[in-house]
Amino acid sequence: MDTTQVTEFRRGVLRHIAEYTWNDCLPDRVYDILYKTVRDNTPRVRCCVHKERAVLKNRVQMALWQPLGLNIINAAKAALDGVFDRSLPIMDVLPDACDACPIDKYYVTDLCRHCIQHKCINNCPRKAISIQNNRATIDRDVCVECGRCAQSCPYGAIIEIVRPCIRACALGAISARQGADKRVVIDYDKCVDCGNCRGACPFGALDERSMIVPLLLALKRKERVVAMLAPSFVGQFGAKVTPAQVVAGLKRLGFAAVVEVAVGADITTLREAAEFREKVPGEMAFMTSSCCPAFVDLVKKHFPEYEGNISQTASPMVSCGQWVKQRYEGALTCFIGPCIAKKAETLRHPDSVDFALTYEEILCVFEGTETDLTLPAEEEYHTGATAGGIGFPLDRGVQASMKRVLEKSGAPEVVMDYAGGLNTCQEKLDEVKQGKLSLGYLEGMACQNGCIDGPGALAPFGLTRVLLTKYAQTAEKKTSDENEAAVAACRAPDPAADRSAD
């Protein structure tokens, strides 16, 4: 993730929320976030001090998982009282941050040469272009934004301008309001909580809600909270911070135990392989993976005809949550990973997962509670997962693990394909619909480079890929069927297999 000034503002709010919650002074100090971050003598990034504080207020409301517009002292008290409205969207637009970017889609630049051919004029179906002051001019009242002028200009002098957030959303879930208020809105019937828009907006006007406060309250109450680390945790907190140091830091913070979601990935592999052998091609022509909640929502919302082709096996996060709750009586579970969409999945599976935080959020918790990850770890740490489970977040990681298990079971060779990024996922499903693509299994990931490139990651995905590959090599066992814990878990029915209520 690029560390921009928007990133620093967001992390600053999260750090302070964590600090004040941990030190029992959140309602008393919450306004300090506004008045100590933005003062009369601090550099301006917006028009005035009042605007900057208004935006920070929006960020505080989101960090507390409270409605936008609520007084932040009341929001802080509500968060401490356990008010946690599950109906609030994960991703939301910060009304005071949206700059209402100009939305004139086509713009004539200074490259216009006032040429003799006037192809832009000749190809405009609405005659919206004329020559004024020796250059082409577009009449906005007549233009229908068809784009023929931009296509026909030999100099490329007419360019298409699209709001960054709208351009980043592959599913058309973001649009500008009609009328005088040109701020963006999210269509939640299309949105899959992938988080691409958050990183795309240069004003930081799109953000995610956070579960930091309820997690910290559970830790302060000394409840039995188990941290579930996504496989890509290696290298996220610094290339020199070892897995053992991360585990030790989480335990100092108050987590009762730390497990790897890669164990859940092993469980998912075994269950999904069994489901595949049972259903394909007998009951269905092909099956899709169920690991990425954003991809699952893409299929359900944009390709409903293939909803029945989604694997009914629980995702690694949910499988891990089930395994933890069977292993640790009365435990609460907290997923920690690079994914924003996992928060939505957490809300859908409250019996398995209680909290979901991104790496960015847990970093802010470490910093806000002054938990030092660079301290030497007193105990060695060895992964309990297999190389196959650890490799899930990599390109084709899910199908690679599936292939190994299917081959060892003697199953016939399967045609598998992979789609990374929501655009590619849509293209693959369109090809299937049109009969251009024949396959038995489709692994879909919302993030272009797999989970290691998630919006909540801290380290560059290239570095994570190298470190994760090396970490997988430390696993004593290679395929999921060699993981005794996963094999034992698969003897019990999958309690999250019925996704009909999702």
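The values are calculated or read from the model by the stated rules, or taken from the named source; none is laboratory data. Remember, it's a predicted structure, so these values are computed and weren't measured experimentally. Please note: Cβ atoms are built from the backbone with ideal geometry, for glycine as well, and neighbour counts cover all protein chains shown.
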Name the one entry in ASP110, ASP24 that is out of contact with any Gly (no Cβ under 9 Å at 6 or more places or on another chain) and at negative phi. ASP110
Filtering region 433-471 down to residues that are farther than 10 Å from PRO393 by Cα, of a type in the set (D, E, K, R) and not in a strand (DSSP E or B) yields LYS433, LYS436, LYS470
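Do we find that LEU111 is part of a loop (DSSP other than H, G, I, E, B) and modelled with pLDDT of 95 or more in this structure?
So LEU111 fails the test.
If we scan region 371-392, do we find a residue that is of a type in the set (A, V, I, L, M) and either under 30 Å from ASP189 (Cβ atoms) or assigned by TED's automatic domain parsing to the domain that holds ARG15 (or both)? I'd like the intermediate steps shown before the answer.
As a first pass, look at region 371-392 and keep what is of a type in the set (A, V, I, L, M): 373, 375, 377, 385, 387, 390.
Going one step further and asking which of them are either under 30 Å from ASP189 (Cβ atoms) or assigned by TED's automatic domain parsing to the domain that holds ARG15 (or both), we end up with none.
No, the conditions are met nowhere in region 371-392.
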Determine which single condition ALA285 fails, assuming it passes every other condition in (1) under 23 Å from the mean Cα position of the chain (by Cα); (2) part of a loop (DSSP other than H, G, I, E, B). (1)
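Can you pull out every residue in region 34-58 that is over 15 Å from LEU88 (Cβ atoms), touching a Leu at 6+ places or on another chain (Cβ under 8 Å) and not hydrophobic (A, V, I, L, M, F, W, C)?
Pass one, region 34-58, residues over 15 Å from LEU88 (Cβ atoms): 34-57.
Filter once more, keeping what is touching a Leu at 6+ places or on another chain (Cβ under 8 Å): 34, 37-38, 53, 55-57.
Those that are over 15 Å from LEU88 (Cβ atoms), touching a Leu at 6+ places or on another chain (Cβ under 8 Å) and not hydrophobic (A, V, I, L, M, F, W, C): THR37, ARG53, LYS57.
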Scan of region 78-93 for residues that are surrounded by 19 or more Cβ atoms within 10 Å (Cβ to Cβ) and either acidic (Asp, Glu) or in contact with a Leu (Cβ under 7 Å, 6 or more places away or on another chain) (or both), ordered by number: ALA79, MET91, ASP92, VAL93
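Picking from GLY321, GLY308, GLY330, which residue would you name as being outside any helix (DSSP H, G or I) and at pLDDT 95 or above? Spell out the reasoning first.
Working: GLY321 fails: outside any helix (DSSP H, G or I); GLY308 fails: outside any helix (DSSP H, G or I).
Step by step, each of GLY321, GLY308, GLY330 is checked, and only GLY330 is outside any helix (DSSP H, G or I) and at pLDDT 95 or above.
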Report whether or not THR242 is polar (S, T, N, Q), buried (at least 22 other Cβ atoms within 10 Å of the Cβ) and in the same structural domain as HIS302 (by TED's automatic domain parsing). no
When residues of region 361-392 are limited to those that are of a type in the set (A, V, I, L, M, F, W, C) and assigned to a loop (DSSP other than H, G, I, E, B), the one nearest to ASP453 (Cα to Cα): PHE392
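Determine whether region 263-282 contains at least one residue that is assigned by TED's automatic domain parsing to the domain that holds THR371, over 16 Å from LEU406 (Cα atoms), touching a Phe, Trp or Tyr at 6+ places or on another chain (Cβ under 7 Å) and crowded, with 22+ Cβ neighbours inside 10 Å. Step through it out loud before you land on a result.
The first filter runs over region 263-282 and keeps only residues assigned by TED's automatic domain parsing to the domain that holds THR371, leaving 263-282.
After this cut, where a residue has to be over 16 Å from LEU406 (Cα atoms) as well, the list is 263-264, 282.
Adding the requirement that they be touching a Phe, Trp or Tyr at 6+ places or on another chain (Cβ under 7 Å) leaves 263-264.
Filter again for crowded, with 22+ Cβ neighbours inside 10 Å, leaving 263-264.
Scanning region 263-282, I find at least one residue that is assigned by TED's automatic domain parsing to the domain that holds THR371, over 16 Å from LEU406 (Cα atoms), touching a Phe, Trp or Tyr at 6+ places or on another chain (Cβ under 7 Å) and crowded, with 22+ Cβ neighbours inside 10 Å, so the answer is yes.
Can you name every residue in region 209-232 that is in a helix (DSSP H, G or I) and farther than 29 Å from ASP24 by Cα?
Initial filter on region 209-232 (in a helix (DSSP H, G or I)): 212-220, 231-232.
Of everything in region 209-232, those that are in a helix (DSSP H, G or I) and farther than 29 Å from ASP24 by Cα turn out to be PRO231, SER232.
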Among the residues of region 436-457, which ones are surrounded by fewer than 20 Cβ atoms within 10 Å (Cβ to Cβ) and either more than 21 Å from PHE276 (Cα to Cα) or acidic (Asp, Glu) (or both)? LYS436, GLN448, ASN449
Considering residues of region 318-370 that are crowded, with 24+ Cβ neighbours inside 10 Å and of a type in the set (S, T, N, Q) only, the residue farthest from THR268 (Cα to Cα): THR358
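Any idea which residue in region 233-249 is nearest to the chain's Cα centre (by Cα), counting only those that are of a type in the set (Gly, Ala, Ser) and not in a helix (DSSP H, G or I)?
Applying the filter and picking the extreme gives GLY235.
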For residues that are within 27 Å of ARG53 (Cα to Cα), assigned to a loop (DSSP other than H, G, I, E, B) and either assigned by TED's automatic domain parsing to the domain that holds CYS447 or hydrophobic (A, V, I, L, M, F, W, C) (or both), tally how many sit in region 164-208. 4
